[in-house]
Amino acid sequence: MAAELTGDQRLAELSANLAAVRDRVTRACTAAGREPDSVTLIAVTKHFPAPDLRRLASLGIADVGENRDQEARVKAAELTDLTGLAWHFIGQLQRNKARSVVRYADFVHTVDRPELVDALDAAAGRVRDRPLPVLLQVDLSEAEASGVEVSGPAAGSLPGRGGAAPRWILALAEAVVRSTHLRLAGLMAVAPLGVDPEPAFARLAEVAARLRAEHPAATMVSAGMSGDLELAVRFGATHLRVGTALLGGRPSLVR
Ligand SMILES: *Cc1c(COP(=O)(O)O)cnc(C)c1O
């Protein structure tokens with residue numbers, strides 16, 4: 001990100017990046033025997049300014065992902081005229097941020113403990129007239145795969161990445177179903193860093209199948225980023241969260 005681009009140059013760059021990503025998604029779908037429109041592309045716009053979101057929207061992007069409330073709520077306030085844009089909150093979420101996030105988020109992907117279900121439910125009840133769709137974040141780390149004992153849903157989280165251990169997902173799903181103002185939409189996961197993502201995505205597909213067996217409407221599977229979207233498509237992702245491949249390296253100086 002050395003040179004500053006004009007708005008038009010930036011639009012052309014985003015347009016080319018988007019075409020390349022869409023091409024990757026189409027090829028991955030073909031290889032997996034899936035329809036391209038069974039996969040939704042979420043542009044992860046963290047660290048990029050509101051004008052980039054406008055540019056992406058003008059190119060047909062209808063879904064954006066943000067991981068920090070402080071940043072997201074400012075951008076959402078700047079872009080209230082883009083009524084067709086769906087906001088996905090994909091970052092680790094503290095309970096005290098729930099009241100802010102439920103005001104602009106159309107989906108929250110990172111529900112990983114019962115206390116967060118309660119906080120989001122209470123917050124959503126105050127400001128929303130429709131239930132807030134939430135996804136349960138699954139911890140796909142090796143420690144969880146090996147079944148190391150933990151004492152409860154919160155204890156499975158690794159610092160920084162978050163997520164509930166696979167064996168707590170159904171209990172967490174029950175908590176969402178019992179809530180008043182949340183709707184169980186599906187699962188989200190981040191592949192563990194530095195290891196082969198394939199077994200992790202395979203595990204995610206298993207957990208997703210188990211969840212759907214109990215909750216048929218919980219069909220969203222949010223997985224796959226710039227580096228591993230093909231693999232995520234192969235293992236059933238319905239929502240890809242793509243940042244770098246669309247917007248370039250973070251952070252950007254482009255205004
Ligand atoms: C930043 C981020 C992404 C996007 O990652 P890229 O590798 O830049 O595509 C996806 N998911 C989450 C949770 C993120 O924080």
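Values in this text are rule-based calculations from the coordinates and carry no lab data. Computed from a prediction, not measured in an experiment: that's the story for all the values here. Glycine also receives a Cβ, built like all others from the backbone with ideal geometry; neighbour counts cover every protein chain displayed.
A few notes on this one:
- Number of positions in region 29-48 that are among the polar types (S, T, N, Q) and closer than 11 Å to Ala237 by Cβ: 2
- Among the residues of region 173-218, those identified as more than 15 Å from the chain's Cα centre (by Cα), more than 23 Å from Pro131 (Cβ to Cβ) and of a type in the set (A, V, I, L, M) are Leu193, Val195, Ala200, Ala202, Ala205, Ala209.
- Residue check, Val221 buried (at least 20 other Cβ atoms within 10 Å of the Cβ), of a type outside the set (D, E, K, R) and within 14 Å of Leu135 (Cα to Cα): yes
- Across region 86-140, the number of residues qualifying as small (Gly, Ala, Ser) and either in contact with a Leu (Cβ under 6 Å, 6 or more places away or on another chain) or under 24 Å from Gly224 (Cα atoms) (or both) comes to 5.
- Residue-level check: of (1) crowded, with 20+ Cβ neighbours inside 10 Å; (2) free of Cβ contacts under 8 Å to residues at least 12 places away in the same chain, Thr26 misses just (1).
- Close pairs (7 angstrom Cβ cut-off, 6 or more residues apart or separate chains): without any contact (Cβ under 8 Å) to a residue 60 or more places away in the chain in region 94-119, within 16 Å of the ligand (Cβ to nearest atom) and among the aromatic types (Phe, Trp, Tyr) anywhere: Val101/Phe89; Tyr104/Trp87; Ala105/Trp87; Ala105/Phe89; Asp106/Trp87; Val108/Phe89
- Annotation: Pro166 fulfils all but one of (1) surrounded by 15 or more Cβ atoms within 10 Å (Cβ to Cβ); (2) of a type outside the set (D, E, K, R); (3) within 16 Å of the ligand (Cβ to nearest atom); the unmet one is (3).
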